[in-house]
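Take a look at the structure set out below.
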């Protein structure tokens, strides 16, 4: 029996393979060129993405949430906007390298507006790009574009946040709503040894299953009764809301 959920999840990959197959049948020359282009992109990604993922993991693990909220959260104000532009401007690498970093910042409760500003600045205000632009197109052109681009980036961040929070923002198939916050709170209560004695591969997975699949909150053997009581308290607080 065909699993429609899996088909829907991998529809882009399936469509890509299908298009490659059609291209191979009708024009092998274009197929070979497409494979070479894809190979070039994959080679570039293999060189860049591991470092980006390591950086994202370090942000997730080592940088306290309070630091991210203070500097990039909803109440960070002008400082947050300027920091976001600065980070995007001095970053190296192609734009797709910004997305794992953006994901980590969103998970630490950076505002969507500031994350969009980082991504946009990464794409159009990178300092190395400005240097090359000045060399080929002149300082006047580069300076004018920069002056006009910064307000545009700020507006894009502002309107994206206003539009996106009218509906649920999906990050990695996880809704960034009260469920996500509850998962975070339960995960913070768990000991983080990832011992798997609860039956799940990590404390985070156990927290997700408590919230999403009604898994019993007393499976953490290391945390014991104290952790169970804290989880039950968090769940009861959520029910009262």
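Centroid-to-centroid, using Cα positions, region 87-154 and region 195-228 are 40 Å apart. In the Gaussian network model of the chain, springs joining C-alpha atoms below 10 Å, which of 30, 54, 69 carries the largest mean-square fluctuation? Per the Cα network of the chain with a 10 Å cutoff, 30 tops the list. Quarter the surface of the alpha carbon convex hull of region 61-104 and you get the mean projected area, 3.4 square nanometres.
Tell me what the chain gives for mean residue ellipticity at 222 nm when only DSSP H runs of n ≥ 4 count, each as -39,500 (n - 2.57), the sum divided by the residue total, rounded to 500 deg cm²/dmol.
Working: 12 runs with 178 residues, N = 241.
Dividing the helical sum by the residues of the chain leaves -24000 deg cm²/dmol.
The C-alpha atoms of the chain occupy a region whose extents along the principal axes are 67, 54, 32 Å, arranged from largest to smallest. Residue ranges 113-119, 15-21, 198-204 sort as 113-119, 198-204, 15-21 when ordered by packing (mean number of other C-beta atoms within 10 Å per residue, highest first). Here the ratio of the Cα radius of gyration of region 33-80 to 2.2 N^0.38 Å is 1.80.
Ranked by how many other Cβ atoms sit within 10 Å of their own Cβ, fewest first, the residues 75, 218 fall in the order 75, 218. Our summary of shape: the Cα atoms of region 63-174 have principal axis extents of 44, 25, 24 Å, ordered from largest down, in whole angstrom. Within the listed set 229, 98, 110, the residue fluctuating most in the Gaussian network model of the chain (springs between alpha-carbon atoms under 10 angstrom) is 229. With the simple model of a label 7 Å out from the Cα in the direction of the Cβ, residue 17 to residue 67 spans 4.2 nm. Taking every alpha-carbon pair in region 1-130 and binning the separations at 10 Å intervals from zero gives 12, 29, 27, 21, 10, 2 percent. Annotation: average projected area of region 178-239 is 3.5 square nanometres, based on the convex hull of Cα atoms across all directions.
Mind checking the full-extension length gain between residue 83 and residue 229? Use 0.36 nm per residue of separation minus the Cα-Cα distance, one decimal, nm. Could the numbers behind the result be given before it?
Values: separation 146, 0.36 × 146 = 52.56 nm, distance 4.04 nm.
Computed gain between residue 83 and residue 229 is 48.5 nm.
Working ranking of peptides 85-92, 189-196 by packing, defined as the average number of other Cβ atoms within 10 Å per residue, highest first, is 85-92, 189-196.
No value in this document is a laboratory result; all are computed from the given coordinates. Computed from a prediction, not measured in an experiment: that's the story for all the values here. Note: ideal-geometry Cβ built from the backbone for every residue, glycine included; neighbour counts use all protein chains shown.
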